[in-house]
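No lab work stands behind these numbers, since they all come straight from the coordinates. The structure displayed is predicted, hence computed values, not measured ones. Quick reminder, even Gly has a Cβ in these numbers, built from the backbone with ideal geometry, and neighbours come from all protein chains shown.
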Amino acid sequence: MKVQAQSIARFGEQENEDSFKVQENERVFLLADGAGGLGLFAREWAEWLTQQIPPTGSREGFLQFLWEQKVSFYEQREKFLQNNSVYEDFADKFFLEGSASTLLVADGRKEGKIKLISYGDSGIFLYKRRSKELITNLQLSHFVELPVLINCLDKDLQEEYLFWQEVEWCEGDCLLLVSDALAQYFRLVYAFERQERDFLEALKKPKTAISAKVAAMEAQNHVEWHFEVILQELEEVLQDTKSFRDYCYFLWKGNFLEYDDYTAILVRK
């Protein structure tokens, strides 16, 4: 099994609000994308969510774990704000908006199987080498609706927004966990390769950032989009941080990527 991972802050900034954990020996991988535009402490919340491996035996146990993490994090941040007067002017933003993040979990501890779990609009992909099938959490709603995130203020987590699937994990299959901007790009590449016309047309209707990404990719009429080729390109650039940064910068300048932090974990079995 070959595992590669890189994470960089958005261009021109120092703070990276993504967090990830690679437990290669246990075949468990986590990624959280803190939502910096909402509340406070996005980076800290993402780091909190990836500190320990959540239980993956049942949906109920997983959601209970998230609930406990929300309570613990809120209490810890509340004490932090009470003891740090420098944040006094910002405290209301936390108490009104909280801290929000996505979470991806890939658990391959069961022989021959892998459990794919997500909450939010970050992307988890399993590309099946033999069938060329792509298993992913990303549906049309992730592109055209506001993301549903894990917020430490929320009273309840909505189980219908939890993606949970256990599938066969075979030799040569490629597992990919990516933060939301990269997730959109990889999902669009697969849609162009498979000519998912209804999916692409639905994304073009509202004049939004994602419709601009679809138009930018359509304009590359000399390019044949192949998901497996894009995975190979990613595998090459994940060898070092500079190559990964240059790769993301090239995609961003071409209007294929949103301006964001970028994180990728790639596992070839």
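Annotations for the structure displayed:
- For the range 198-250 and the range 169-188, distance of Cα centres in Å: 12 Å
- Listed residues 105, 66, 48: farthest to the positive end of the dipole of the range 1-115 (Cβ charges): 105
- Choice from 16, 83, 137 showing the highest fluctuation, given a GNM over the chain with Cα pairs closer than 10 Å: 83
- Taking 142, 226 and counting other C-beta atoms within 10 Å, the order from fewest to most: 226, 142
- Neighbour-count order for 99, 211, fewest beta carbons within 10 angstrom listed first: 211, 99
- Loop-located GluC sites (Glu not before Pro) in the range 49-124 (DSSP state other than H, G, I, E, B) with a sparse environment of at most 15 neighbouring Cβ atoms within 10 Å: 111.
- Two-site label geometry, residue 132 and residue 83: point separation in nm, points 7 Å out along Cα→Cβ: 5.8 nm
- 32 Å tail of the calculated P(r), the range 2-268, as % of Cα pairs: 22 percent
- Summary of the geometry: the range 8-64 and the range 69-113, compared by the centres of their Cα atoms, lie 10 Å apart.
- In degrees, nearest ten, helix 241-253 long axis to first principal axis of the chain (Cα): 80 degrees
- Summed residue charge, Cβ within 11 Å of residue 37's Cβ, Lys/Arg positive, Asp/Glu negative: -3
- Angle between the chain longest axis and helix 59-82 axis [Cα atoms, degrees, rounded to 10]: 50 degrees
- Charge tally in the Cβ shell below 12 Å around residue 192, where Lys, Arg are +1 and Asp, Glu are -1, residue 192 excluded: 0
- Three-way shape label, the range 128-269, alpha-carbon gyration tensor, a/c 1.5: rounded
- Ordering 122, 210, 237 by Cα displacement along the dipole of the chain toward the positive end leaves 237 in first place; charges were set at the Cβ atoms of Lys, Arg (+1) and Asp, Glu (-1).
- Two-site FRET efficiency, residue 223 against residue 201, from Cβ-Cβ distance with R₀ of 22 Å, rounded to 0.05: 0.65
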